[in-house]
């Protein structure tokens, strides 16, 4: 039954991380049920042995060059309300990223 659940999730076309999150929740539920005497420990052990979905392939993508990133960040139209909002959000995001990387001197 447990393998059927994993197989069904995979057949739905869910990505491996989504399958693994659901399996993790089921494993945790089975462990808690066994600990509280609501499920035979042998059944819970069987559920806990179900392996997660494997990640296949490599992550690919098109990355921006530094020049393209600067151009993208300068795109918001500051003459409109939404453009000002987008510009403020972009600047705020950059500041947070800089702080996280330690590029700013916090005093």
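Is it true that some residue in region 84-105 is modelled with pLDDT of 70 or more, loosely packed, with under 10 Cβ neighbours inside 10 Å and farther than 30 Å from residue 7 by Cα?
no
Okay, residues lined up against (1) in contact (Cβ under 8 Å) with a residue 40 or more places away in the chain; (2) within 30 Å of residue 85 (Cβ to Cβ); (3) surrounded by 12 or more Cβ atoms within 10 Å (Cβ to Cβ):
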position	(1), (2), (3)
23	no, no, yes
27	no, no, yes
32	no, no, yes
36	no, no, no
43	no, no, yes
46	yes, no, yes
55	no, no, no
70	no, yes, no
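I need the full set of residues from region 32-74 which are within 22 Å of the chain's Cα centre (by Cα) and over 30 Å from residue 12 (Cβ atoms), in order please.
Passing the criteria: 63, 64.
The values are calculated or read from the model by the stated rules, or taken from the named source; none is laboratory data. In this text, all values refer to a predicted model and were calculated from it rather than measured experimentally. All Cβ positions, even for glycine, are placed from backbone atoms using ideal geometry, and neighbour counts span all protein chains on display.
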